[in-house]
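Structure first, commentary second.
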Amino acid sequence: MEKTYSKEFIKKLTDYFYKNISDIKVKNKILLEGIDKTLVKQILFSNEKGYYSFKPDWMEIYEKIDFSNISFDNVSVAKINFKSLSGIKINPQIVYNKDLSFSNLYNVEITGNFDGAYVEYTNFQGSKGAKINPQTVYNKDLSCSNLCDVEITGSFDGVRLEKTNFKVSKGIKINFQSILGKILSCLNLSDVKKRKSFDDVNDIEEKSTEIENFKELIKKNIKKAK
């Protein structure tokens with residue numbers, strides 16, 4: 001049970017915090033130590049709908065803070081770009097609604113699993129510690145996600161993969177006959193280790209390294225021939 005504070009009390013501390021942080025220049029990120037963790041969350045985030053959310057106009061404040069000792073329990077992280085933030089550690093099981101969709105997790109350390117988590121349109125490039133079992137994410141939906149720097153721990157049977165980027169992912173083995181709808185449109189399959197038959201697969205627009213290299217070689221050969 002989190003400790004509660006009055007709105008007036010939170011407003012006074014928030015105004016003070018913002019005033020003293022917004023105009024200063026810091027060499028190192030500010031680590032908020034010695035302050036009740038619940039109080040810190042209520043200052044840093046909005047809490048008007050039963051969960052915490054980032055304040056859109058506070059990004060410059062967030063960039064000055066070391067978040068390594070701040071919990072994201074019940075914090076909405078969907079649609080958040082973490083690239084310029086420091087010390088972020090996220091457990092997908094405790095963030096609000098297990099929703100990490102449309103977020104950029106660059107520099108984020110993942111500390112839990114993605115069972116039941118929303119990860120469509122999620123960019124994992126630059127994140128650390130992400131291990132995903134495609135069978136257990138919400139609705140088996142990995143569409144439009146960038147799985148760069150992700151370790152895959154399960155199969156893709158029945159998984160939605162349209163526009164998914166697998167470049168620099170680990171443990172990728174796909175049976176193309178078993179993915180949802182056999183749809184592979186606009187995939188980047190650069191680091192898929194094992195591929196099975198493409199027979200009857202729909203909408204293949206693979207952007208793999210091999211195809212791009214092939215195109216470049218063709219262009220060079222044509223140029224030489226002119």
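The values are calculated or read from the model by the stated rules, or taken from the named source; none is laboratory data. The structure presented is a predicted model; accordingly, all values stated were derived computationally and were not measured. Positions of Cβ are backbone-derived with ideal geometry, glycine not excepted, and every protein chain shown enters the neighbour counts.
Remarks
- Within the range 20-35, if we keep just the residues that are surrounded by 10 or more Cβ atoms within 10 Å (Cβ to Cβ) and not hydrophobic (A, V, I, L, M, F, W, C), the residue that is nearest to S86 (Cα to Cα) turns out to be K29.
- Residue pairs whose Cβ atoms lie under 7 Å apart, sitting 6 or more positions apart in sequence or on different chains, and linking a residue in the range 118-136 that is surrounded by fewer than 19 Cβ atoms within 10 Å (Cβ to Cβ) to a partner that is not in a loop (DSSP other than H, G, I, E, B), are Q125/N146; K128/E109; K128/I110; G129/E109; G129/I110; K131/E151.
- Lone unmet requirement of (1) outside the structural domain of K55 (by TED's automatic domain parsing); (2) touching a Gly at 6+ places or on another chain (Cβ under 9 Å) for F67: (1)
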